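So the structure is just underneath, and the comments pick up after that.
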Amino acid sequence: MKQTLIFAWRNLWRNKRRTLITISSIVFAVIIASFMRGMQLGSYDKMLNDAIKSTTGHLSIMDKDFWESKTLINSLEYTVELDSLIASDPSLSIRAPQISSGCLASSGRNTRGVLIMGVDPEVEDQRSGLKGKIVEGAYLSEEGSGVVIGGMLAKYLHLKVGDSLVVLGQGYMGMTAAAELEVTGIFDHPMSMIDKRFIYVNLNTARDLFFMEGRLTSVDLVLKDYNDLDVTMDKYISALDTTVYDVRSWKSMNKVLLQQIESDNFFGIIIIGILYLVIGFGIFGTVLMMVMERKREFSVMMALGLRPGRLVRIVLAETIMMGMIGALIGLALSFPVIYYFHLNPIPITGENAEFYREFNLEPILEVAIKPVSLFWQFLIVLILSIVAAIGPVNSISKFNFVSIIRGRE
Amino acid sequence: MIGRLAWRNVWRNRLRSLVVVLAIASGLFGTLFVAAISRGMIIRIVQSTIDNDISDLQIHSDKYVISEELIDVFPQSQLQAAIDKNAVLIDAYSFRVKVEAMATSANGSHQVTLLGIDKDAESRVTGIHDLVVEGTYFDTKTKLKEICVGRKLVEELEVRLGSKIVLSFADVEGDIMYESFKITGIYKSSNSEFDKINTYVLSDDLIPILKTGESNYHEAAFRISESALDQVYSSLHEELPGYEVMRWFEINKTLRAMSSMMDLFTFVMVLIVLIALIFGVINTMLMVVMERRKELGMLRALGMNNFSIGRMIVLETVLLGIIGSIVGNVLTYISVSWFGDRGIKYASAAEGLEQMGMGDTLYPELGAYTYIAITLLVLVTALIASIFPVRRVFRQNIAETLRN
Amino acid sequence: MKTKITLILAVCVMTVGFPPKVSAQSAVEIVQKSIDLINGQSSQATITMTITRPKYTRSLEMKTWSSGSDYFMVYIASPAQEKGQVFMKRETDMWNWIPKISRMIKIPPSMMSQSWMGSDFTNDDLVKVNSLAVDYTHSIQGEEVIEGYECYKIELIPTLESAVVWGKVNMWIAKTESFQMKMEYYDEDMELVNLMEASDVKQFGDRKLPAKMVMTPVKKEGQQTMMVTSEQTFNVDIDQGFFSQQNMKKVR
């Protein structure tokens, strides 16, 4: 065994060029695979962070009956304890208390069913970039009882900045909620549902309108690191009385996003599988040619008495060594490559950049640094190389070395 | 002469040729299949939205676009001339009346969009008639007015086929009308949100109730092929001042965004696979050239100069590239057809995806344009990838030969 | 002479042999009578509505005016947050005056099937007063005693074209007094959805009526709405002019 390894090692360095070519195949393979996976994982990260941030948040605290029946009757009492629990949690990047309810908005002869979102203006802007979407008038402020509405709703109700609209609905305990509110700003939102039917007000306005003193429909929480999801969720579940409160994760609130990510992952795995296929063939080709190139050398060795089986083991050892060296170098080089792109993500330009911004996603191609994933690429490419090499290496035992030496092959 | 040499070289060493062909074919297959899958995904959403919901082009009166009020109908006659002018390019069209209504049953109520259609014209424009899973598409004998609703709405209202539901809406004078309809058809599209909201009745039944006037409609929808779309759009836009003519991507801006973002992602993935291919080919070709040192040395001894030898090798690569592309294209075509029919089912439950309009299976699809474009790309890449090793090894060969 | 005697005899037999009994009334007449009893030509009333929910109970006091089945007005007297609101029905239209914001709103179709003031009645229920007589075919199914009153049990099946969501309605109407004592609303699958029970018969003006009515949505736990009439007078002097948007703002 030791002999085999020594021979293999010496063979490697006898023809440096050949060895380097084969090793470089594998190095590039690892780097490319790492980069692709890094990009895929980067885009999921982006979705898990940006998309979740602006829709449901990673976690949401609500009344235990609220999810099934989203009426104000099922609103939660925002106690001092709950407030301090949330305020003191360092793993949260955004805390978004909300009061939301459907009602009628009317102006002149026109009436439309809308959704009133009572929010903290600063927090909402952090989540969805609403302030930047204002095209006329001004954004919400903490004081006052103004509303901001979408362009399409403004058109339908014939409203300009400064006009007032009437909202009518049912408040907590079925009390009639009615108010005349001034339009302070009009926004342009790419999602037509929001542009047509959402009205934003500050929390105080919503509280007064719906008789929701000390109450909220939910508190949405955004984590700094989405990996903290399970830990944080457990923390809240144990800290809060679950006969009163419900702590929901985005996974149960936004099944569409969850399945979108899962299907993207599925799709991503198919793609990287295809990449492995291409890499595999590349390595197969390289090793096959290497074997072909050394036909004469092998035949001479066999003529000198080296048994075919032994030769195969030596060449196999060579391949494995090259594989390991290549994969290790590849792994080592992957780190700086990925790190570079992580810090300097590739920007998206043109029309696509516009689309990304509209959905409140940064227009960049993110690359994620995940050491575990890099290690997997290292391992898979290594195994792939060895498997791809087996065929060509085995064919050595079938050489007719006499013909080869005689130059007839 | 070099050409013939090149051709014979290719066939002489079949194993070597096979290796290069395989490398190129696999690269081609790889990139094409990636493109097929992502196209399949986006087509599903975009196309099904166009097929069943928004069509390729829609026309409304200017006022209606903003007000969405019943009174803002247009007379069919005003549009007919413009339509007839473009008759050759328009595949199908239909007219509809539209009203927001409340659908109620004993157990629930839900806001819906009530569409009064001409059942024959409509079946040429949307695919609803094909999506009927229970009952018929306006072909049931009943004394009541027929309505075709989505499966999701049926679940919301806790009713079934044959149930009577009441729709309430305001007529053109603002009076509230209550009308009962019998559910004679239930459809299911790949988008459950769509199914909850869109309900269909015969315009002959709806127009008298709305009192909007015979042959007056709110909406005209068209099916037009991609190549003719812009032309028809311009023509209609010109012929019909006072009307808003919108193409599908103007009606639903998110579709275009999704399509575009998907294209971007595909491009990036294809690029990465191409890079892998380059390295694979470079290394393989380096090995090939090294393996043929003796043979090439002999050719030089026979008087061929480096340049000609270089050209011969490049020519061989071109030939191999062509063979590789044929193999790759055939392989791709077979896989895409096979999977395209059967579809690749997602592992997890499809509920969320149905909300997005994606259904629960992935059908890869590829257009001729993509085949050609990517094949050319791969060929050029392989070619470029083969030139460098050839040049480098030559320079070293000369040095070696001189030393020897 | 013989024919004359036969004729007189025949008439006697008919009047003696077949005394006009209440059971000769058709089912639809019984139902119509019970509706007319509640409405009268016109009426004015004071009612307390108590809404019970799992998480709270709420009470409202209101004054109502009606004329026939086409005109109806409600003034909310308490609690303070709701005081001053007025609802008016004119034929099939419903209007809502909200003094807090000085606005008059016409209730759109999308709101008609929503609950009225958070109760278990919908806006529709207030508007379609005569529906039970007009939209159904009626048949007497038997007799039962409810709250000490002998009642006809009448089964109402919606007519084919009627815009009604129920699969069937059962009514228990007192035979002599024509009170609506109990009603059951079934969906298409003949599952009970709503139950109405009346009790506490009192004298109101020129007639007797149950003062208390409880509506229970059977499928929803812990919910019900109770209407208790404390005062009611009938055939009061109200003309159609009373039912106007102007008057909604003035009425108290």
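Extension gain, A:Thr55 to A:Met191, is 47.7 nm, computed as 0.36 nm per intervening residue step minus the present C-alpha separation. By the compact-protein rule of thumb, 2.2 N^0.38 Å, the alpha-carbon radius of gyration of chain A corresponds to a ratio of 1.47. Taking Cα centre as origin and charging only the Cβ of basic (Lys, Arg, +1) and acidic (Asp, Glu, -1) residues, the dipole magnitude of chain C rounds to 800 debye.
Averaged over peptide C:92-99, the number of partner chain Cβ atoms lying within 10 Å of each residue's Cβ comes to 3. In terms of overall dimensions, the C-alpha atoms belonging to segment B:41-87 reach 39, 29, 13 Å along their principal axes, ordered largest to smallest. Per residue of A:186-197, other chain Cβ atoms within 10 Å of the residue Cβ number 1 on average. B:Leu319: accessible area at probe 1.4 Å, nearest 10 Å²? Its accessible surface works out to 40 Å², give or take rounding. Summing +1 for each Lys or Arg and -1 for each Asp or Glu among the other residues whose beta-carbon sits under 9 angstrom from that of B:Glu146 gives 0. Let me have the relative contact order for segment C:25-248, percent, based on Cα pairs under 8 Å that are six or more residues apart. With pairs under 8 Å counted, the relative contact order is 21 percent. Between B:Gln231 and B:Ile334, the C-beta separation translates, for a Förster distance of 45 Å, into a calculated FRET efficiency of about 0.80. A Gaussian network model of chain B, with springs between Cα atoms under 10 Å, assigns the largest mean-square fluctuation among B:Leu299, B:Leu379, B:Leu264 to B:Leu299.
Across segment B:257-262, coupling constants 3J(HN,Hα) worked out from phi with the 6.51/-1.76/1.60 Karplus curve, θ = phi - 60°, read 4, 4, 4, 5, 5, 5 Hz, and Gly and Pro carry x. Annotation: average projected area of segment B:116-214 is 6.4 square nanometres, based on the convex hull of Cα atoms across all directions. Solvent-accessible area of B:Asp341, all protein chains in place: 120 Å² (probe radius 1.4 Å, heavy atoms, ligands and nucleic acids excluded). List the pair-distance distribution P(r) of segment C:25-248, using every Cα-Cα distance, as the percent of pairs falling in each 5 Å bin from 0 up to the bin containing the longest distance, rounded to whole percents. Over segment C:25-248, the share of Cα pairs per 5 Å bin runs 1, 6, 13, 18, 21, 19, 13, 6, 2, 0, 0 percent. In the protein assembly as shown, taking the dipole from charged Cβ atoms about the Cα centre, the farthest positive-side position among B:Phe279, B:Ala6, B:Val20 is held by B:Ala6. Across segment B:54-251 the C-alpha pair distances fall into 5 Å bins from zero in the proportions 1, 8, 16, 20, 19, 16, 11, 6, 3, 0 percent.
Close amide-amide hydrogen proximity is noted between B:Asn191 and no other residue 5 or more places distant or on a separate chain, at a cut-off under 5 Å (H modeled in the peptide plane; Pro and chain starts excluded). Sorting the segments A:105-113, C:30-38 by their mean number of nearby beta carbons within 10 angstrom, highest to lowest, gives C:30-38, A:105-113. Rounded to the nearest 10 degrees, the inclination of helix B:306-342 to the longest alpha-carbon principal axis of chain B is 30 degrees. With R₀ fixed at 56 Å, the C-beta to C-beta distance from B:Thr254 to C:Ser230 puts the FRET efficiency at about 0.45. Just so you know, the Rg over Rh for segment A:1-88 is 1.50, from Cα atoms, with Rh as the Kirkwood radius. GNM remark for chain C: springs join alpha carbons under 10 Å apart, and the peak mean-square fluctuation among C:Thr57, C:Thr225, C:Thr137 falls on C:Thr57. Rounded to 0.05, the FRET efficiency of the A:Glu136 and C:Glu191 pair, given R0 = 51 Å and the Cβ-Cβ distance, is 0.50.
For the residue pairs B:Lys143/C:Lys33; A:Lys16/A:Lys295; A:Lys235/C:Lys55, the C-alpha atoms sit more than 19 angstrom apart in B:Lys143/C:Lys33; A:Lys235/C:Lys55.
Taking other residues whose beta carbon is less than 12 angstrom from the beta carbon of A:Val244, and scoring Lys, Arg as +1 and Asp, Glu as -1, yields -4. Counting Cβ atoms of other protein chains within 10 Å of each Cβ in B:173-181 and taking the mean gives 5.
How large is the helix-only mean residue ellipticity at 222 nm for the protein assembly as shown, computed as the sum of -39500 (n - 2.57) over DSSP H runs with n ≥ 4, divided by its residue count, in deg cm²/dmol to the nearest 500?
-15000 deg cm²/dmol
Evaluated at q = 0.08, 0.10 Å⁻¹, the base-10 log of the normalised Debye intensity for segment A:65-241, with identical point scatterers placed on the Cα atoms, takes the values -0.26, -0.41. Label segment C:165-252 by shape, choosing from rounded, prolate and oblate, from the square roots a ≥ b ≥ c of the eigenvalues of the Cα gyration tensor; if a/c is under 1.5 it is rounded, and otherwise prolate applies when a/b is larger than b/c, oblate when it is not. Note, shape of segment C:165-252 comes out prolate.
For chain C, give me the percentage of DSSP beta bridges that are antiparallel, rounded to the nearest 5 percent.
If I count the DSSP bridges inside chain C, around 100 percent turn out antiparallel.
Residues B:His110, A:His342, ordered by accessible area of protein heavy atoms at a 1.4 angstrom probe radius and largest first, appear as A:His342, B:His110. Among C:Ser42, C:Ser66, C:Ser115, the largest mean-square fluctuation in a Gaussian network model of chain C, built with springs joining Cα atoms closer than 10 Å, belongs to C:Ser115.
Converting the Cα gyration tensor eigenvalues of segment A:109-168 into ellipsoid dimensions via √(5λ) gives semi-axes, longest first, of 20, 13, 11 Å. Pair-distance distribution P(r) for the protein assembly as shown, from all Cα-Cα distances in 10 Å bins starting at 0: 2, 8, 14, 17, 16, 13, 10, 7, 6, 4, 2, 1, 0, 0, 0, 0 percent. A Stokes-Einstein calculation at 20 °C with viscosity 1.002 mPa s, built on the Kirkwood radius of chain B over Cα pairs, returns a diffusion coefficient of 84 µm²/s. Averaging the Cα positions of each part gives two centres, and for segment A:42-106 and segment A:200-268 these lie 4 Å apart.
Taking the radius of gyration and the Kirkwood hydrodynamic radius from Cα positions alone, what is the Rg/Rh ratio for segment C:44-140, to two decimal places?
Rounded to two decimals, Rg over Rh is 0.99.
The values are calculated or read from the model by the stated rules, or taken from the named source; none is laboratory data. All values reported here derive from a predicted model rather than from experimental measurement. Don't worry about glycine lacking a Cβ; one is built from the backbone with ideal geometry, like all the others, and counts go over all protein chains shown. These accessible areas exclude ligands, DNA and RNA; they are computed on the full protein's heavy atoms, side chains included. Shrake-Rupley method; radii C 1.70, N 1.55, O 1.52, S 1.80 Å.
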